[in-house]
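Q: Quick one: this structure, given as structure tokens, is what I'll be asking you about.
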Amino acid sequence: MRCAMTEAIAGRHGSRGQILVEAAIALPIAIFVVLGALQIMLVQHGRAIAEYAAYCAARAGIVHDADHAVMRNAALVAALPLYGRTDTLATFRDTWALARTNALLGSSLSGVPLVDVEVTSPDANAFAAAQAWQYQHELDALSADPQGPLAYQRLEIDFDDGALMAAHPEAGRLALTVRVLYPLRIPVIGRLIFEVWLLGAYLGGTPWAAELPALHAIADASGVYLVPLRASYAMQMQSNPFAANVASATWFGP
């Protein structure tokens, strides 16, 4: 009888020990899975903000002659919640200053913008078409050489010229891509996701090839893990785009 009780107690202790061992193995894995899922959901939230930033950049560009600086500022304002609080005027001002100076990335890497804009339309061909159209209809205002370089100081596209828009609809359409650097917030998980993404980008090829060394340097220097998110938007111009305004992105992968 006594032996049976001893064996039962020992069995209970053994089962309890086995449960503790299994919990010690499974609990960290479960935590990593939950935190990983949370970080992925936050990335999807970042994608939604990138889409909104692209919309804001396009909306600003169509009424400000496709001015690159105006579009980039509009996209940055839309993306500010990714980088800090914006619920009051004071916190908005502080976050805006942080984003404009790139203090998030460290002073040694301040040349890397958090948000960048690349205009894909109107392109050089669209301005060439508008130039040729103007040449045909305004010989007194343009050079006599329609094949000359696109160097006219007054080169622009008349967005409300119905005949021009009918012949070259792409000339009056502003299309752009916004690139937002999204900070991975979850400790450990963020770094793990960043390292896996970085390795895959290096091995598999990526449109952000030119940006990878800078992102790696930022992670090493400041412990901020950033992944680029892109979103595109297009709208019909409501002002005349000028070739001088449609500047190239300052920091954008090929």
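Q: Name the single residue that is surrounded by the most Cβ atoms within 10 Å (Cβ to Cβ) among those in segment 216-244 being in a loop (DSSP other than H, G, I, E, B) and under 16 Å from the mean Cα position of the chain (by Cα). Walk me through how you get there before you give the answer.
A: The initial filter retains those residues of segment 216-244 that are in a loop (DSSP other than H, G, I, E, B), namely 223-225, 237-241, 243-244.
Narrowing further to those that are under 16 Å from the mean Cα position of the chain (by Cα): 224-225.
Details: VAL224: 17, TYR225: 22.
If we take residues in segment 216-244 being in a loop (DSSP other than H, G, I, E, B) and under 16 Å from the mean Cα position of the chain (by Cα), then TYR225 is surrounded by the most Cβ atoms within 10 Å (Cβ to Cβ).
Q: Next up: Which of the residues that make up segment 34-62 are of a type in the set (D, E, K, R), under 12 Å from the mean Cα position of the chain (by Cα) and surrounded by 16 or more Cβ atoms within 10 Å (Cβ to Cβ)? Step through it out loud before you land on a result.
A: Kept after step one, since they are of a type in the set (D, E, K, R), are these residues of segment 34-62: 47, 51, 59.
Okay, now just the ones that are also under 12 Å from the mean Cα position of the chain (by Cα), so 47, 51.
Correct list: GLU51 only.
Q: Now a separate question. Any residue in segment 155-169 that's at negative phi and of a type in the set (A, V, I, L, M): show its pairings with residues that are outside any loop (DSSP other than H, G, I, E, B) and surrounded by fewer than 17 Cβ atoms within 10 Å (Cβ to Cβ) at Cβ separation under 8 Å, as long as the two are six or more apart or on different chains.
A: Going by the 8 Å Cβ cut-off, the qualifying pairs are LEU155/PHE242.
Q: Could you tell me whether any residue of segment 70-79 is open to solvent by 100 Å² or more (accessible area, probe 1.4 Å) and at pLDDT 90 or above?
A: Within segment 70-79, the first condition is being open to solvent by 100 Å² or more (accessible area, probe 1.4 Å), and the residues that meet it are none.
No, segment 70-79 contains no residue that is open to solvent by 100 Å² or more (accessible area, probe 1.4 Å) and at pLDDT 90 or above.
Q: Among (1) surrounded by fewer than 23 Cβ atoms within 10 Å (Cβ to Cβ); (2) in a helix (DSSP H, G or I); (3) touching a strand residue (DSSP E or B) at 6+ places or on another chain (Cβ under 7 Å), where does ASP65 come up short?
A: (2)
Q: Within segment 170-197, take every residue that is among the hydrophobic types (A, V, I, L, M, F, W, C), open to solvent by less than 20 Å² (accessible area, probe 1.4 Å) and more than 16 Å from the chain's Cα centre (by Cα) and give me the one that is modelled with the highest pLDDT.
A: Restricting to residues being among the hydrophobic types (A, V, I, L, M, F, W, C), open to solvent by less than 20 Å² (accessible area, probe 1.4 Å) and more than 16 Å from the chain's Cα centre (by Cα), the top hit is LEU174.
Q: Within segment 104-127, can you find the residues that are modelled with pLDDT of 65 or more, open to solvent by 40 Å² or more (accessible area, probe 1.4 Å) and not in a loop (DSSP other than H, G, I, E, B)?
A: Hits for segment 104-127 are GLU118, THR120, ALA124, ASN125.
The values are calculated or read from the model by the stated rules, or taken from the named source; none is laboratory data. This is a predicted model, so every value here is computed, not measured. Don't worry about glycine lacking a Cβ; one is built from the backbone with ideal geometry, like all the others, and counts go over all protein chains shown. All accessible areas refer to the heavy atoms of the entire protein, side chains included, with ligands and DNA or RNA removed. Shrake-Rupley method; radii C 1.70, N 1.55, O 1.52, S 1.80 Å.
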